[in-house]
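The numbers here are math on the coordinates, done by the rules we state, and not lab data. Owing to the predicted nature of the structure, the values given are computational and were not obtained by experimental measurement. Counting neighbours? That spans all protein chains shown, and the Cβs are built from the backbone with ideal geometry, glycine included.
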Amino acid sequence: MALVNMRDMLYHAYRNGYAVGAFDLVSLDFLEGIMAAAERCRSPVILSLAESHFDYFDFELIMPAVETAARRSPVPVAIHLDHGASLASAVRAINQGCNGIMVDASHEALADNIRSTRAVVDMAHACGVPVEGELGDVPGVEVEDAERHPGKIACTTVDAARNYVKQTAVDFLAVSIGTVHGRMKTEAGLDYQQLEAINETLKIPLVIHGGAGLNDDQFQRLIRSGVAKINYDTALADAAGKQVRTHGVAIHQGGYTELMKGVRDVISAEAERCMRVWGSIDRATELLAQCTPWAPVEHVIIYNVSDISEHEVETMMAEGRRVLSAIPGVREVVTGRAVREDAKYRYTWLVRFCHPAVIDSYREHPAHVAFADKQFRPVAGERISIDYQTTGREST
Ligand code: 13P
């Protein structure tokens, strides 16, 4: 059960002079390869899902696997939405199980970036979820040649960063100081002085996008200057692609599983190389002792109704499932009916919140207030409710 609070994770890295890898994954091979590396290295890790990759996999299908990998792992893991494009995508990601959100409104004018980011921060913080914002623009596209997207690097300035963090209340800041997303042919020129000045001013964990192609020395200088999270994509994708091509030529024939042999291993080897360079190896035990586990809250109600038919109860429950499951921080809404006719209470709600903070934000959410006041409470006078966290779980 090592899904942990990402804020605790990144502050630990920031204070102890190392960086956690946020590895973008697009398939189970990536997920298994990254997790195998983290477990071999006893390293914390961030499983990162980029919204721009959602064409390559079904987000709702992959998330249960990502969450299972995190929860069963002995090392600390966080699950992050990378480059979230809107408030709606941030809500969807949290409700699907992400416990860290990046909102990328860096292409918008500063005032709009601040407004869009603040809206995501307010929503996410009410769910207990930390937020990464981006200021300045890191050009390029993951897994493409950087030269194809030469866009001008809009560097993050100290004054803008101070103002942005104050106004948005983001927990971490992605800075633009010379890195580029995608495949680099030349060495990126990094402005360490600027990074140090931003770090001195903000004193919050900083994030580097466009990790692929940087050398060990560059990584270490970035980490010494306040970088606690490094986003990494293209190099993993290229290692996997190269493995498929070379292996495909070597074997000439064979089906999918044959062709994919070794892919997980090369992804794992590259992730391990990064963890070693970024200093996150052997940090798992100490970090686990210092950070809050990420555990859901079960909000359970058992109740009886008066003066309505069974059909009307069904309709009310269906409406509740629809309305309540859209509230930020709600992972699941399950309704139930007692098996025995003579049960003391006949009906149940189980609403699963991603974090204890949602107990309050859910109660006050207008959609909940309207449903509870107009449709539920008038007919369900007799009820008991409890919010609890599980203290243990066994399954076969
Ligand atoms: P690279 O593809 O250059 O590693 O960048 C990854 C990234 O920044 C994802 O957000």
How many angstrom separate the Cα center of region 316-357 from the Cα center of region 25-45?
34 Å
3J(HN,Hα) from dihedral phi, region 273-278, Karplus parametrisation 6.51/-1.76/1.60, rounded to Hz, x for glycine, proline:
4, 5, 4, 5, 5, 7
Cα gyration tensor, region 54-160 - rounded (a/c under 1.5), prolate or oblate
oblate
Which residues in region 335-378 have a backbone N closer than 20 Å to a point placed 7 Å from the Cα of Arg71 along the Cα-to-Cβ line?
335-336, 349-359
What helix-only [θ] at 222 nm does the chain give? Using -39500 (n - 2.57) per DSSP H run of at least 4, over all residues, to the nearest 500, the answer is -13000 deg cm²/dmol
Angle in degrees between helix 192-202 and the longest Cα principal axis of the chain, rounded to the nearest 10:
30 degrees
Under the rule a/c < 1.5 gives rounded, and otherwise a/b versus b/c splits prolate from oblate, where does region 230-367 land using the Cα gyration tensor?
prolate
In nm, spacing of pseudo-spin labels at Tyr388 and Ser52 (7 Å Cα→C-beta vector)
4.6 nm
Please list, by residue number, everything in region 18-35 whose backbone N is under 16 Å from a paramagnetic label point 7 Å out along Cα→Cβ of Val244.
25-33
Any chance you could give the angle, 0 to 90 degrees and rounded to 10, that helix 28-41 forms with the longest Cα principal axis of the chain?
70 degrees
Ordered by residue, what ³J(HN,Hα) values in Hz, to whole numbers, does region 345-356 give under the Karplus form 6.51 cos²θ - 1.76 cosθ + 1.60, where θ = phi - 60° and Gly and Pro are x?
10, 9, 10, 9, 10, 10, 10, 9, 9, 6, 7, x
Report the label-to-label distance for His252 and Arg322 in nanometres (one decimal), using points 7 Å from each Cα along the Cα→Cβ vector.
6.0 nm
If each residue of separation counts as 0.36 nm, what is the full-extension length gain between Asp216 and Lys203 once their alpha-carbon separation is subtracted?
2.3 nm
Looking at the chain, what % of its DSSP beta bridges pair antiparallel, to the nearest 5?
45 percent
Mind listing the long-range amide H neighbours of Ala154? Cut-off is under 5 Å, sequence gap 5 or more, other chains count too, H placed in the peptide plane at 1.01 Å from N.
Asp137
Report the FRET efficiency, 1/(1 + (r/R0)^6), for Arg377 and Arg115, where r is their Cβ-Cβ distance and R0 is 30 Å, rounded to 0.05.
0.25
Normalised radius of gyration for the chain, please: alpha carbon Rg relative to 2.2 N^0.38 Å, two decimal places.
1.08
Roughly how many nanometres apart are two label points built 7 Å out from the Cα toward the Cβ at Ala88 and Ala338?
4.2 nm
So what's the net charge close to Ser395: Lys and Arg +1, Asp and Glu -1, counting the other residues with Cβ under 15 Å from its Cβ?
+1
Viscosity 0.692 mPa s, 37 °C: Kirkwood-radius Stokes-Einstein D of region 149-300 over Cα pairs, µm²/s
180 µm²/s
Could you give each residue of region 96-108 its phi-based ³J(HN,Hα) in whole Hz, using Karplus coefficients 6.51, -1.76, 1.60 with θ = phi - 60°, and x for Gly or Pro?
8, x, 6, 10, x, 10, 9, 10, 10, 10, 5, 7, 7
